[in-house]
Amino acid sequence: MWDYTDKVKEFFLNPKNIGEIDNPDAVGEVGSIICGDALRLTLKVDKETNRIIDARFQTFGCASAIASSSALTELIKGKTLDEALQISNQDIADFLGGLPKEKMHCSVMGREALEAAINNYKGIPTVVEEEGRVVCQCFNVTEEKIRKVAMENHLTTVDDITNYTKAGGGCGECKSEIEAILRDIWLIKKPEKLTKQKKLTNLQKIALIQEIIEKEIRPALQSDGGDIEIIDIEGNKVVIAMRGMCTGCVMSGVTIDSIQNKLREFVGEEITVEVQ
Amino acid sequence: MNTIYLDNNATTKVAPEVIEEMIPYLSIFYGNPSSMHTFGGQLLKKIEEAREKVALLIGADPEEIIFTSGGTESDNTAIFSAAELYPTKKHIITTRVEHPAVRNFCKHLARRGYRITFLPVNNQGQLNIDDLLKAIDDDTLLVSVMFANNEVGNIFPIQEIGEILRERHILFHTDAVQAVGKIPIDLKKLPVDMLSLSGHKLHAPKGIGVLYIRKGTRFFPYIRGGHQEKGRRAGTENVPSIIGLGKACELAIQNINIEYNYISKLRDKLETSLIKLCPDVRINGDPQNRLPNTTNLSFEYIEGEAILLRMNEYGICASSGSACTSGSLEPSHVLRAMGVPFTAIHGSIRFSLSRYNTEEEIDKVIEILPGIVNDLRLLSPFGRDRLIRKH
Ligand code: FES
């Protein structure tokens, strides 16, 4: 049995704001009965202030899907549409005191329904999920959604993606594609949290190299079953060792180049990477 | 709050008589049966007595019984043994609705170069014998078909399959974990070479099971080490549990017919009442040909985990084939193999009864569940009308 928090249980057993608003100003519908969860969110919006005066939901799904939907309605009531859009799936999960990681997709569904409803209100046609390139056939998940959820939640492994989107949780055939998408996001995307630094002391340089390798490089490699280890940092020379799937990988030259490029970009042009 | 336990295909309560029988072997007689001294050595006799009781329940010879750690080990051992002994044959036939203990072991062999045929079932969960006949070829080493399905209770035509295989000299294993103790089984008449059973499905403890191997069937041990079980399964015997299983089998022999009637009557009452009280419910499986204790119902438009958790508030225990109850995201492979529509799989609930259930308990479920179903349906965006509109 899942380890649900008391708040999840409370919102599941006594959900707030259930049902449908008559003549709603906005409707957001996501999910499908085939995939096992679906949410229909209806909103009443004050036209003058753009404030959500009422929100109701109908959910087909498990306890955490029902609790997440109910939590969402509580979170958005009284907020302006712009304020509501600031609410992330993590906020929904946090409001409930957390969700089991395998159930995070329930909170993502809440966030999606909110976006769909607000788009509907603004008259923006919702980008129907099926329109993107479907990566996971089992759960009809597009590349776009995988990228979005990965970036928003800093997800680095295929398991994370499965927990947050269900993609990869069925036959598993799409897993290698998800891996490729993750690799693409985390090796090419510029790290958000690190800013380029100038004139580093030796100690600062070592610390920065370590940080970039730990935060930006290793997770992507690990998601692929590989890994590297820093053996030594000698002036501008970074000596690493390949581990796991990276050992003897035919693509290791490419991997080393991309590590070197990343370090050059963020630490200094003079950095070289060597394999032990 | 009293627990109403309707999840006996998952596990059963250990019978009080079984516990009583076991206690001395957990406390006073703790010896090792392999020891030279009487304190341990005398336990061998008790193990043999238990073996006789198990054999009696399934119409076997005591020497055809090997004690294992449970159903999974028995299933794995049977398939492993066949594969080891006939290494030139590389084809195994099984079904799409097997327990993971068979299914995943076969998948493992598939990665080792074996060809596995997973026989389909129809929408009532029954096999088509023609499919089996078509699948058999010169390379076929083993057929493994469960006796009764754990999720819907379907009973498979083991006699008929066994006869076909005997003629063709193909090994036949059946996972009878759900059947033993619930329906009469007589291996003297049943052409089966290997059969698995598990203690905790028939009111013995967890962690004890049996692999039956018909005399004359070649066997290759899976667990190796000491000489226990005549070298067929190494490891110090789980004496208290073996004795407990013996007692559980003795109780099953005494009660099997009485229970069949008693339990199936309760099950039928539960099923017909729920169907009457809740609209849009379907029975999954073959109502004519199933275990007396099992019913699998789909409540359309709502999801199984939600139903289970609401029932849990009243102390009612059942299980669901919905994906949300397990770590995996895939709903029950059994219901999918049967072609149950997704709309119904997600809302499937399995009730499995035992002799310890009472009519009052069933009445309580009948009183409470329709309200829960109604409540959750009010919460659901799908109703009959909307679904029709959408498709
Ligand atoms: S295609 Fe993604 S799990 Fe099957």
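The values are calculated or read from the model by the stated rules, or taken from the named source; none is laboratory data. Please read all numbers here as calculations on a predicted model, not as lab measurements. Heads up, the Cβs are rebuilt from the backbone with ideal geometry, glycines too, and the neighbour counts pull from every protein chain shown. We work out accessible area using only protein heavy atoms, side chains counted, and drop any ligands, DNA or RNA first. Shrake-Rupley method; radii C 1.70, N 1.55, O 1.52, S 1.80 Å.
Scoring A:GLU144 on the criteria (1) open to solvent by less than 60 Å² (accessible area, probe 1.4 Å); (2) under 22 Å from the mean Cα position of the chain (by Cα); (3) at pLDDT 80 or above leaves a single failure, condition (1). Here the range A:129-139 is the region considered, the condition is being under 21 Å from A:ASP184 (Cα atoms) and modelled with pLDDT of 85 or more, and the residue that is surrounded by the most Cβ atoms within 10 Å (Cβ to Cβ) is A:CYS136. Scoring A:ALA63 on the criteria (1) surrounded by fewer than 21 Cβ atoms within 10 Å (Cβ to Cβ); (2) among the aliphatic types (A, V, I, L, M); (3) within 10 Å of chain B (Cβ to nearest Cβ) leaves a single failure, condition (1). If you go through the range B:360-372 and keep only what is away from chain A (no Cβ under 13 Å) and buried (at least 20 other Cβ atoms within 10 Å of the Cβ), you end up with B:GLU361, B:ILE362, B:VAL365, B:LEU369. Within the range B:143-160, the set of residues being among the aliphatic types (A, V, I, L, M) and surrounded by fewer than 24 Cβ atoms within 10 Å (Cβ to Cβ) comprises B:ILE155, B:ILE158. Going through the range A:179-190 one residue at a time, which ones are within 16 Å of the ligand (Cβ to nearest atom) and among the β-branched types (Val, Ile, Thr)? Answer for the range A:179-190, where residues must be within 16 Å of the ligand (Cβ to nearest atom) and among the β-branched types (Val, Ile, Thr): just A:ILE181.
Scanning the range A:9-40 for residues that are more than 10 Å from chain B (Cβ to nearest Cβ) and either of a type in the set (D, E, K, R) or touching a Gly at 6+ places or on another chain (Cβ under 7 Å) (or both) returns A:GLU10, A:LYS16, A:ASP22, A:ASP25.
I want to confirm something. Restricting to the range B:332-359 and keeping residues that are among the polar types (S, T, N, Q) and within 13 Å of chain A (Cβ to nearest Cβ), which single residue is surrounded by the fewest Cβ atoms within 10 Å (Cβ to Cβ)? In this case the residue turns out to be B:THR343.
Quick check on A:VAL45: is it at pLDDT below 95, in contact with an Asp or Glu (Cβ under 7 Å, 6 or more places away or on another chain), more than 8 Å from chain B (Cβ to nearest Cβ) and crowded, with 16+ Cβ neighbours inside 10 Å?
Details: at pLDDT below 95: no; in contact with an Asp or Glu (Cβ under 7 Å, 6 or more places away or on another chain): yes; more than 8 Å from chain B (Cβ to nearest Cβ): yes; crowded, with 16+ Cβ neighbours inside 10 Å: yes.
Spelling it out, it is not the case that A:VAL45 is at pLDDT below 95, in contact with an Asp or Glu (Cβ under 7 Å, 6 or more places away or on another chain), more than 8 Å from chain B (Cβ to nearest Cβ) and crowded, with 16+ Cβ neighbours inside 10 Å.
Within the range B:66-84, restricting attention to residues that are over 15 Å from the mean Cα position of the chain (by Cα) and of a type outside the set (Ser, Thr, Tyr), the residue that is nearest to B:THR94 (Cα to Cα) is B:ILE79.
Looking across the range A:163-178 at every residue that is more than 10 Å from every other protein chain (Cβ to nearest Cβ) and within 6 Å of the ligand (Cβ to nearest atom), the one that is nearest to A:LYS145 (Cα to Cα) is identified as A:CYS174.
Every residue, every condition in (1) in contact with a Phe, Trp or Tyr (Cβ under 9 Å, 6 or more places away or on another chain); (2) farther than 27 Å from B:ASP175 by Cβ; (3) not in a helix (DSSP H, G or I), yes or no:
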{"site": "B:SER35", "(1), (2), (3)": "no, yes, yes"}
{"site": "B:PHE39", "(1), (2), (3)": "yes, yes, no"}
{"site": "B:LEU44", "(1), (2), (3)": "no, yes, no"}
{"site": "B:LEU56", "(1), (2), (3)": "no, no, no"}
{"site": "B:ASP75", "(1), (2), (3)": "yes, no, no"}
{"site": "B:ALA83", "(1), (2), (3)": "yes, no, no"}
{"site": "B:PHE105", "(1), (2), (3)": "yes, no, no"}
{"site": "B:PHE118", "(1), (2), (3)": "no, no, yes"}
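Whenever a residue of the range B:103-124 is among the β-branched types (Val, Ile, Thr), its partners that are part of a strand (DSSP E or B), lying with C-beta atoms within less than 6 angstrom and at least six residues away or across chains, give the pairs B:ILE116/B:ILE92; B:THR117/B:ILE93; B:VAL121/B:LEU127. Only residues that are in a loop (DSSP other than H, G, I, E, B) and in contact (Cβ under 8 Å) with a residue 24 or more places away in the chain were counted in the range A:76-87, giving 4.
Could you tell me whether the range B:70-77 includes any residue that is of a type outside the set (Ser, Thr, Tyr), out of contact with any strand residue (DSSP E or B) (no Cβ under 7 Å at 6 or more places or on another chain) and buried (at least 17 other Cβ atoms within 10 Å of the Cβ)?
Step one: of the range B:70-77, the residues of a type outside the set (Ser, Thr, Tyr) are B:70-71, B:73, B:75-76.
Now restrict to residues that are out of contact with any strand residue (DSSP E or B) (no Cβ under 7 Å at 6 or more places or on another chain): B:76.
In the following step, the residues that additionally are buried (at least 17 other Cβ atoms within 10 Å of the Cβ) were identified as B:76.
Yes, some residue in the range B:70-77 is of a type outside the set (Ser, Thr, Tyr), out of contact with any strand residue (DSSP E or B) (no Cβ under 7 Å at 6 or more places or on another chain) and buried (at least 17 other Cβ atoms within 10 Å of the Cβ).
Is it the case that some residue within the range A:92-103 is open to solvent by less than 10 Å² (accessible area, probe 1.4 Å), more than 16 Å from the ligand (Cβ to nearest atom) and closer than 22 Å to B:PRO331 by Cβ?
Yes: the range A:92-103 contains one or more residues that are open to solvent by less than 10 Å² (accessible area, probe 1.4 Å), more than 16 Å from the ligand (Cβ to nearest atom) and closer than 22 Å to B:PRO331 by Cβ.
From the list B:GLN228, B:GLN126, B:GLN178, the one residue that fits, being within 22 Å of B:PHE351 (Cβ to Cβ) and surrounded by fewer than 24 Cβ atoms within 10 Å (Cβ to Cβ), is B:GLN126.
Would it be correct to say that A:GLU102 is modelled with pLDDT under 95 and either out of contact with any Cys (no Cβ under 9 Å at 6 or more places or on another chain) or within 14 Å of chain B (Cβ to nearest Cβ) (or both)?
Numbers: modelled with pLDDT under 95: yes; either out of contact with any Cys (no Cβ under 9 Å at 6 or more places or on another chain) or within 14 Å of chain B (Cβ to nearest Cβ) (or both): yes.
Yes; evaluated as a whole, the condition is true for this residue.
Looking only at the range B:210-222, decide whether some residue is assigned to a loop (DSSP other than H, G, I, E, B) and without any contact (Cβ under 8 Å) to a residue 40 or more places away in the chain. Checking the range B:210-222: at least one residue is assigned to a loop (DSSP other than H, G, I, E, B) and without any contact (Cβ under 8 Å) to a residue 40 or more places away in the chain.
For the range B:320-331, name all the residues that are among the hydroxyl-bearing types (Ser, Thr, Tyr) and either at pLDDT below 70 or open to solvent by 10 Å² or more (accessible area, probe 1.4 Å) (or both). Lay out the reasoning, then the answer.
Within the range B:320-331, the subset among the hydroxyl-bearing types (Ser, Thr, Tyr) is B:320, B:322, B:325-326, B:328.
Across the range B:320-331, the qualifying residues are B:SER320, B:THR325, B:SER326, B:SER328.
Would you confirm, using the coordinates I've provided, whether A:ALA55 is within 20 Å of A:LYS44 (Cβ to Cβ), small (Gly, Ala, Ser), open to solvent by less than 10 Å² (accessible area, probe 1.4 Å) and part of a strand (DSSP E or B)? Against the criterion (within 20 Å of A:LYS44 (Cβ to Cβ), small (Gly, Ala, Ser), open to solvent by less than 10 Å² (accessible area, probe 1.4 Å) and part of a strand (DSSP E or B)), A:ALA55 qualifies. Looking at the range B:258-267, is at least one residue under 21 Å from the mean Cα position of the chain (by Cα) and not in a helix (DSSP H, G or I)? Checked against the condition, which is being under 21 Å from the mean Cα position of the chain (by Cα) and not in a helix (DSSP H, G or I), the range B:258-267 yields no hits at all.
Looking only at residues of the range A:128-159 that are within 14 Å of another protein chain (Cβ to nearest Cβ) and over 21 Å from A:ILE33 (Cβ atoms), we find that the one that is farthest from the ligand (Cβ to nearest atom) is A:ASP159.
Restrict the check to the range A:240-263 and report whether at least one residue is modelled with pLDDT of 85 or more, assigned to a helix (DSSP H, G or I) and of a type in the set (Val, Ile, Thr). Within the range A:240-263, one or more residues are modelled with pLDDT of 85 or more, assigned to a helix (DSSP H, G or I) and of a type in the set (Val, Ile, Thr). Answer yes or no as to whether A:TYR121 is aromatic (Phe, Trp, Tyr) and within 15 Å of the ligand (Cβ to nearest atom). Here the answer is no, as A:TYR121 does not meet what is asked.
Considering only residues that are of a type in the set (Gly, Ala, Ser) and within 19 Å of B:ALA50 (Cα to Cα), look in the range B:1-34 and name the one that is surrounded by the most Cβ atoms within 10 Å (Cβ to Cβ). Before the answer, list the steps.
From the range B:1-34, those of a type in the set (Gly, Ala, Ser) are B:10, B:15, B:27, B:31, B:34; that's our starting set.
Right, trim to within 19 Å of B:ALA50 (Cα to Cα) and you get B:15, B:27, B:31, B:34.
Details: B:ALA15: 21, B:SER27: 9, B:GLY31: 16, B:SER34: 14.
Filtering the range B:1-34 for residues that are of a type in the set (Gly, Ala, Ser) and within 19 Å of B:ALA50 (Cα to Cα), the one surrounded by the most Cβ atoms within 10 Å (Cβ to Cβ) comes out as B:ALA15.
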